[in-house]
Each structure stands twice: as structure tokens, then as C-alpha cells.
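In what follows, a single structure is set out as C-alpha cells and then discussed.
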Amino acid sequence: SQQGEEDPQALSIQEGENATMNCSYKTSINNLQWYRQNSGRGLVHLILIRSNEREKHSGRLRVTLDTSKKSSSLLITASRAADTASYFCRRTSYGKLTFGQGTILTVHP
Amino acid sequence: EAGVTQFPSHSVIEKGQTVTLRCDPISGHDNLYWYRRVMGKEIKFLLHFVKESKQDESGMPNNRFLAERTGGTYSTLKVQPAELEDSGVYFCASSQDWTGTHTGELFFGEGSRLTVL
């Protein structure tokens, strides 16, 4: 994909465990955002990290950005069944907004 | 405050027919985007309006797709004639001021699922 990838494509864990998803990209970015999509619903913005930032936190979410590796990770700590959803990263690069194919996270109660 | 609304939520049509999808962005949002997701693949950008003008339509797949945003309010995306590969979920999103860079949060509608038989 020209836009980069999220991995893994699917992740299945037990409630209480941590979930880590990764996003790679190929061109320089201005910022990177993570979104969540519950089945059959629209995407919901989770967190934004700018290109000059390395880490951000929001509640149980932690996002890191490594511009040298052109990658970002989203960590969800102490996962809950309600975290079951697809997670996408959105890259802003040279005026273009792109999404990947997402990571499907399933959290088993 | 109402969010982004899309209509219809699901449309089933025959190949060769026409379908028009509608998106009502959040009131006051200048930016309106159309995206498409086909069968679990990546969410692909189609185009971006700033008010009534097309800022970027580089993602439009071909001339069977026509997007309009008359008056800078709601937008329509027409597919004519529809082909099998057009099936997918069409998302609309809006955001506030256009500053020349995409730094704002996008607010998404719940999508319009199109099935072409």
C-alpha cells in the first residue's frame, strides 16, 4: 500500500490485558491521528500526535511516534470488552489525508 | 448539536443503476470529506470540499462518480452508472476551519453502505 499499514490486521485478547497496534507510513507526516470504529458505526477520533511529539496519553490510551522509523503505536491498557472495535491511523502528509486498513481488536470478557 | 448524518444507511441497486448518497456535515464545518471502504480494505480518500469548492478530488476513481456541495452545506455523491466494484461503505466526515493543513479532528458519519448486484 502506498499509504502504509496497520498491524496486526487482527488482535484477540482477554479483558484486562494490554493491546498494542502499530501503524507505519511511507512519507513524512505533519501529524498522525488514531480513530476507532465500532461495528456499523462511523469513525471516532481518539488522539492526535504531532510530528514533533514522541508520546501522548489519554486515559487508558498511549500513543508513540517514531519519525525515524516512520511508525506509530497505540497502546490500550487494561482492555475492556467495550474496546472491541477496528482501529485506524490517519496520516496527514503533504496535504493528503490517508487511512490504513485498520486493526480489528477483539477483547473477550 | 447534531453530528454528521448520512443517507441512506444502506442502498442495494442493480449494476447500471444510479445512486445518490447524501451527507449533512456538522453545521458551520467548512471541510467535508468523502471516503470509501471496500470489504475490509483500507479507507480510501475520495475528495475534500472546502465550503462549496473542491479542494482535492484526486481520490475520485473515475468519471462515474460526481460529488457536489451546493451552497457549501450538504453534499451529494452520485454514482452513475454503478458497477459491482463500487460496493462498499461510503463515509462522510467534516471538520471546522480550513487552514491549509489537515490538523483538525474529523467527525464522521455512520456511513452509507452501497451494494451493487
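The values are calculated or read from the model by the stated rules, or taken from the named source; none is laboratory data. Note that the structure is a prediction, hence the values are computed from the model and not measured. Glycine also receives a Cβ, built like all others from the backbone with ideal geometry; neighbour counts cover every protein chain displayed. Ligands, DNA and RNA are excluded from the accessible area calculation, which covers all protein heavy atoms including side chains. Shrake-Rupley method; radii C 1.70, N 1.55, O 1.52, S 1.80 Å.
Relative contact order of the range A:1-74, taken over Cα pairs closer than 8 Å and 6 or more residues apart, is 27 percent.
Cross-link partners of A:LYS69 among aspartates and glutamates, defined as those whose alpha carbon lies under 18 angstrom from its own and excluding same-chain residues fewer than eight positions apart: A:GLU5, A:GLU6, A:ASP7, A:GLU53, A:GLU55.
Evaluated over chain B, the count of Lys pairs having alpha-carbon atoms less than 25 Å apart is 8 (only pairs 8 or more residues apart or interchain). Beta bridges assigned by DSSP with both partners in chain B are antiparallel in approximately 90 percent of cases. Applying 0.36 nm per residue to the separation of A:LYS69 and A:ASN18 and subtracting their alpha-carbon distance, the gain on full extension is 16.1 nm. Using a 1.4 Å probe on the protein heavy atoms, what percent of the accessible area of the range B:1-65 belongs to carbon and sulfur? Percent of accessible area from carbon and sulfur atoms in the range B:1-65: 45.
At most 13 other Cβ atoms within 10 Å plus a DSSP loop assignment makes a site exposed; report the longest stretch of chain B without any exposed trypsin sites (Lys or Arg not before Pro). Mind showing how you got there, number by number?
Values: sites that count: B:LYS15, B:LYS41.
Formally, the longest exposed-site-free interval is B:42-117.
Split the accessible area of the range A:5-108 by element, probe 1.4 Å, and carbon with sulfur accounts for 46%.
Label sites at A:HIS57 and A:ARG41, each approximated as a point 7 angstrom past Cα along Cα to Cβ, lie 2.5 nm apart. A simple spin-label model places the labels of B:SER58 and A:ALA81 4.5 nm from each other, with each point 7 Å out along Cα-to-Cβ.
The mean accessible area for residues of the range A:5-108, using a 1.4 Å probe and ignoring ligands and nucleic acids, is 45 Å² per residue. For the range A:14-48, trypsin sites (Lys or Arg not before Pro) meeting the loop criterion (DSSP other than H, G, I, E, B) and having at most 16 other Cβ atoms within 10 Å: A:LYS26, A:ARG41.
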